[in-house]
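Engineer: I have a structure here, written as structure tokens, and I will follow up with some questions on it.
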């Protein structure tokens, strides 16, 4: 019997969904924030399967809890948010509601 494929594991940060100015600050090659969000979600969902594991390391989106949740719902994978100093986007305390939160340890090194 063939083995079931194991979920892949991804680490990502700084998507800045919904942040129009990030296109300018980081020279992102999109004509609008809508195009940027659409292309990033399409590429995320092409690479990440529904059972893959994604550790998100910060700066997910610009907006409130409802905005963040609307993005999480459209992305593949089991998303775990690693809490960092996110208070400037107003979402820090709400992330546990939106996705699982974790501390990571990769023996013998602690990642967070």
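Engineer: Place the peptides 71-79, 32-40 in order of packing, highest mean first, counting for every residue the other Cβ atoms within 10 Å and averaging per peptide. Walk me through the numbers before you get to the answer.
Structural biologist: Details: 71-79: 16.7, 32-40: 14.9.
Result, highest mean first: 71-79, 32-40.
Engineer: Related question: Between residue 4 and residue 47, what FRET efficiency follows from the Cβ-Cβ distance if R0 is 22 Å, with the result rounded to 0.05? Before the final figure, lay out the partial values.
Structural biologist: Working: r = 19 Å, r/R0 = 0.88.
Calculated transfer efficiency: 0.70.
Engineer: Assuming 0.36 nm per residue, please report the length gained on full extension of the stretch residue 26 to residue 78 beyond their Cα-Cα distance. Walk me through the numbers on the way to the answer.
Structural biologist: Numbers: separation 52, 0.36 × 52 = 18.72 nm, distance 2.75 nm.
Between residue 26 and residue 78, full extension yields an extra 16.0 nm.
Engineer: Can you order the peptides 55-62, 2-9 by their average number of other Cβ atoms within 10 Å per residue, highest first? Intermediate values should be presented prior to the final figure.
Structural biologist: Numbers: 55-62: 20.2, 2-9: 9.2.
Most protected by this proxy first, the peptides run 55-62, 2-9.
Engineer: By count of other Cβ within 10 Å, fewest leading, how are 22, 12 ordered?
Structural biologist: On the way: 22 19, 12 16.
Going from least to most buried by this count: 12, 22.
Where a number appears in this text, it was derived from the coordinates with a stated rule and is not lab data. Predicted model, so just to flag it, every value in this text is computed and none were measured. Note that each Cβ is placed from the backbone with ideal geometry, even for glycine, and that neighbours are counted across all protein chains shown.
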